[in-house]
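Chemist: If you scroll down you'll find the structure; I have some questions about it.
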Amino acid sequence: MSFMETGPQPTIDVSSPTEPVVSPDKQLLAPVWHTIALIALMLFNSFGTAALLPRSIGHAISASPHARLYVYGFTVFFEFLLLFLVWIGLRLKRVTFRELIGGRWKTPEDFLLDVGIAIGFWVVALFVLGGLAYLLGLTHPSPTDEVTKRMSALAPHTRWDIGVWIGLSIVAGFAEEIIFRGYLQRQIAAISGKFYLGLIASAVIFGAGHGYEGARRMLLIAVFGLMFGLLAHFRKSLRPGMMAHAWHDALVGIALRFLPK
């Protein structure tokens, strides 16, 4: 009795082994050392300005009417420096900014949809942040509070100030969404293997990066960052967050200028 099969036998191609399919969200965007160095630089700048700004901003503005413009200029420079450092890390892994941003606009309707999403997100965020600000006691800050005086001093006053502030807000909306939601959120998620760790860690670092605004506002900004992270994750694009981020910062500065003290 023969045990040999008489039917056609399947053939196995061993010339090229099958490679596992890896989700883009689990791929490192840059070396781990690059991420650690970038976070360290941001935190050093944040807490350095928190320590130096209270002593210098009042005297500087009293001495020179252009002092705010110098502060805005340094902020723009630092935003572009961080963006450049992120670009270097991405180049090491052959990742582009376009891949981080996602959500290409192919038609005018695509653009208008993202505008609508950005507006809706921003309105919801105002209610959430307003409620949290009330719980933290930030809705009626005391005129004698050091952080309140500092923020009022940094707010734009002249037409030139307002124009540069709007430009700074656009830069911040573009750069910070790439840095925190495009890079850090995905990179930390890839390192840890957990999406929620990337989401939370990037939001905490976002809040900690605003040390000059004080501890309670840092918490408020971290929650804002968490909301931006969720928007980027579910939309698969940074574009709505960039728009909402830019006009939020611009309107906050203009409100500080024109609303009663």
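The values are calculated or read from the model by the stated rules, or taken from the named source; none is laboratory data. Since the model is a prediction, treat every value here as computed from it, not as a measurement. No Cβ is skipped: glycine too gets one built from the backbone with ideal geometry, and neighbour counts run over all protein chains shown.
Chemist: Looking at (1) over 29 Å from residue 254 (Cβ atoms); (2) crowded, with 18+ Cβ neighbours inside 10 Å; (3) not hydroxyl-bearing (Ser, Thr, Tyr), can you tell me which one residue 109 breaks?
Modeler: (2)
Chemist: Next question, about the same structure. Any residue in segment 60-70 that is within 22 Å of the chain's Cα centre (by Cα) and modelled with pLDDT of 80 or more?
Modeler: Taking every residue of segment 60-70 in turn, none turns out to be within 22 Å of the chain's Cα centre (by Cα) and modelled with pLDDT of 80 or more.
Chemist: Could you tell me how many of the residues in segment 19-46 are modelled with pLDDT of 85 or more and either assigned to a helix (DSSP H, G or I) or farther than 15 Å from residue 187 by Cα (or both)?
Modeler: Number of matching residues: 15.
Chemist: Which pairs do you get when a residue that is closer than 14 Å to residue 32 by Cα, found in segment 74-92, comes within reach of a residue that is among the hydroxyl-bearing types (Ser, Thr, Tyr) and at pLDDT 95 or above, reach meaning Cβ atoms under 6 angstrom, with the pair 6+ apart or on two chains?
Modeler: 86/183
Chemist: Are any of the residues in segment 117-128 buried (at least 19 other Cβ atoms within 10 Å of the Cβ), within 15 Å of residue 242 (Cβ to Cβ), in contact (Cβ under 8 Å) with a residue 60 or more places away in the chain and of a type in the set (A, V, I, L, M)?
Modeler: yes
Chemist: Let me ask you something else. Within segment 228-255, can you find the residues that are surrounded by 18 or more Cβ atoms within 10 Å (Cβ to Cβ) and among the hydrophobic types (A, V, I, L, M, F, W, C)?
Modeler: The answer is 228, 231, 232, 238, 242, 243, 244, 246, 250.
Chemist: Name every residue in segment 195-224 that is farther than 18 Å from residue 35 by Cβ, more than 11 Å from the chain's Cα centre (by Cα) and in a helix (DSSP H, G or I), in order of residue number.
Modeler: The answer is 211, 212, 213, 215, 216, 217, 218, 219, 220, 223.
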